[in-house]
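K.L.:
I have a structure I would like to understand better, so I am pasting it below and will then ask my questions one at a time.
The values are calculated or read from the model by the stated rules, or taken from the named source; none is laboratory data. Values in this document were obtained by computation on a predicted structure and should not be read as measured data. Cβ placement follows ideal geometry from the backbone for every residue including glycine, while neighbour counts extend to all protein chains displayed. Quick note on the areas: whole protein, heavy atoms, side chains included, nothing else; ligands and nucleic acids left out. Shrake-Rupley method; radii C 1.70, N 1.55, O 1.52, S 1.80 Å.
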Amino acid sequence: MNDRKLTEEKVFSYLGEHHMLEAGDRVIAGVSGGADSVCLLFVLLEYTKKVPFSLVVVHVNHGIRSEAGEDARYVEELCGREGIPFRLVEENVPARAAEWGCSEEEAGRRVRYQAFARAAEEFEADHIAVAHNRNDSAETMLFHLFRGSGLRGLSGIRPVRDRIIRPILCLEREEIEEYLALRGIPFCRDATNEEDDYTRNRIRHHILPYAEREIAAGCVGHMAQTAQLLSETEDYLEEMTREALKTCTVGEPPLFQIVVRKFQKLHVALQRRVLFALTKALSPEQRDITQVHVRELRTLFVEEGNRTVCLPFGIQGRREYDRVILEQTGQCAQGREELSPVQLDIQEKVFLEGKALCVKGFFGEIRVTFLENFDKKLQNIPQNECTKWFDYDKINGSLEMRTRQTGDHLTISDGKGGQVHQSLKDYMITGKIPRQERDRIPVLADGKHILWLFGYRISEHYKISENTKRILQVQLLRSGETEDKDGRACESTVVGGRGRQTDPGDRRPDQQRL
């Protein structure tokens, strides 16, 4: 048996092991024209000789690359030669990303699956076949590991999820390209896959090759084995979670009641899973509920006193004697909607002729001024609570006034004359900032790097030094505030409700913090 047949038999065995296809099924196959999806198409065509089923190909043009039309034509020609129905879907993914407030990578994923789902409904398909492989699963495992995922995320990509099937998940990327080479089948190359703009691409291009080369040869296969074990463990724990829900929980959306005494008897792993399952049932998007929220809810069971915890989407948890109530109230969500981000255009042209940029938002009013000809006298750096100076040339892009986001960090001193990154989340925890305040404190952000956490500190990285050439002055004005004789904002109401008046001389020049 040649290598081509070995690859096909490997996929056929995988299809049977996971009961993906049966005779007479109707299948939608997502085919981009890349190596993975072209391999998927031709392996499925071979499988129809063993298990007869019908196949329809859907190609999604994301509207990002100029050569995307060539990919679509190639896939259409393939389908024409093989006698397969072909459906082209054209979308403007950059516009969708802006509309949905997400990355182009995420918008592209959503657009694809929506297109596949519509085609499945139209053709009354039983399954949607997509072309993920073992490398994709390994990348997903690492991506979720770095973000602090639970077992489900560490299980990688599942071979079957609802009507989504992944027939070539058992193949590594190298096997796929070898199979196509043996059969003399060309495929398209997406230039964006060679770039490092997306997180997954950086994992693909740098982390996995390094691990394969320097740590353990065959690491992708080893990770696939681990993913299988974790997936089986996750399935078992899912069963245990369903049983635990029956023993300690009553109700249905939008309100659940949890009996404290019964909940406390559960293992801590099941406690977390029960809370996650209930909040998931109350939220429209599972991905927006994290372990941070679950930890907050657990405090209702371990700390005495009737208290309330507010989560995204207006989900509220509160302790009422021997019960904890989880309810979708909508009230918390409304509070978050008011805190809309505001972009600050800090291009030099804005500050010609000494003009200031003034913007208003949930934080009050911000006045931004561009200063040149710094006299290098660090003692002149404003110590006023609501006026801060930043090294303009260290800022990478446009600034944004907003509240905290996942991945935010700032730079702090390491105590040895150097600097280290610290996540904003960790800073808030170690700084004992009350949980209920954290989502409402304004931050001035350069991407994910926080310049200024209002009411607390600024980042060491952006501070003025002897090497500074140009200064960005940022002033926070709130209702009832005035300016001092130097034009610096003076506070009369304080961010986050921390009422304190500060003498400008109460800090050293190196203590530029609010």
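K.L.:
Among the candidates Leu339, Leu326, which residue alone is among the aliphatic types (A, V, I, L, M), modelled with pLDDT under 75 and closer than 30 Å to Ala277 by Cβ?
P.N.:
Being among the aliphatic types (A, V, I, L, M), modelled with pLDDT under 75 and closer than 30 Å to Ala277 by Cβ holds for just one of Leu339, Leu326, which is Leu339.
K.L.:
Go through the residues of region 17-31 one by one and say whether even a single one is farther than 16 Å from Ile164 by Cβ, in contact with a helix residue (DSSP H, G or I) (Cβ under 6 Å, 6 or more places away or on another chain), open to solvent by less than 70 Å² (accessible area, probe 1.4 Å) and not polar (S, T, N, Q).
P.N.:
Among the residues of region 17-31, not one is farther than 16 Å from Ile164 by Cβ, in contact with a helix residue (DSSP H, G or I) (Cβ under 6 Å, 6 or more places away or on another chain), open to solvent by less than 70 Å² (accessible area, probe 1.4 Å) and not polar (S, T, N, Q), which makes the answer no.
K.L.:
Could I ask something else about it? Determine if region 423-434 includes at least one residue that is at negative phi and in contact with a strand residue (DSSP E or B) (Cβ under 6 Å, 6 or more places away or on another chain).
P.N.:
Yes, the conditions are met somewhere in region 423-434.
K.L.:
Yes or no: Val130 open to solvent by less than 20 Å² (accessible area, probe 1.4 Å) and either over 14 Å from Gly33 (Cα atoms) or out of contact with any helix residue (DSSP H, G or I) (no Cβ under 6 Å at 6 or more places or on another chain) (or both)?
P.N.:
So Val130 passes the test.
K.L.:
When you scan region 261-276, do you find a residue that is modelled with pLDDT of 95 or more, among the aliphatic types (A, V, I, L, M) and more than 29 Å from Thr406 (Cα to Cα), even just one?
P.N.:
Yes, because at least one residue in region 261-276 is modelled with pLDDT of 95 or more, among the aliphatic types (A, V, I, L, M) and more than 29 Å from Thr406 (Cα to Cα).
K.L.:
Out of region 205-228, which residues are loosely packed, with under 12 Cβ neighbours inside 10 Å and part of a helix (DSSP H, G or I)?
P.N.:
Correct list: His206, Tyr210, Arg213, Glu214, Ile215, Gln225.
K.L.:
Is there a residue in region 136-156 that is assigned to a helix (DSSP H, G or I), over 21 Å from the mean Cα position of the chain (by Cα), surrounded by fewer than 18 Cβ atoms within 10 Å (Cβ to Cβ) and not hydrophobic (A, V, I, L, M, F, W, C)?
P.N.:
no
K.L.:
Now, a different point. Of all residues in region 237-269, which are open to solvent by less than 40 Å² (accessible area, probe 1.4 Å), polar (S, T, N, Q) and outside any helix (DSSP H, G or I)?
P.N.:
Within region 237-269, Thr249 is the sole residue that qualifies.
K.L.:
Within region 40-59, identify whether any single residue is basic (Lys, Arg) and in contact (Cβ under 8 Å) with a residue 12 or more places away in the chain, and answer yes or no.
P.N.:
Yes, that holds for at least one residue.
K.L.:
Are any of the residues in region 83-105 open to solvent by less than 20 Å² (accessible area, probe 1.4 Å) and over 23 Å from Glu177 (Cα atoms)?
P.N.:
Yes, because at least one residue in region 83-105 is open to solvent by less than 20 Å² (accessible area, probe 1.4 Å) and over 23 Å from Glu177 (Cα atoms).
K.L.:
Report yes if Val292 is under 27 Å from the mean Cα position of the chain (by Cα), surrounded by 13 or more Cβ atoms within 10 Å (Cβ to Cβ), modelled with pLDDT under 85 and not in a helix (DSSP H, G or I), otherwise no.
P.N.:
So Val292 does not fit the description; no.
K.L.:
Val57 fails exactly one of the following numbered conditions: (1) at pLDDT below 95; (2) over 23 Å from the mean Cα position of the chain (by Cα). What is the number of that condition?
P.N.:
Single failed check for Val57: (1).
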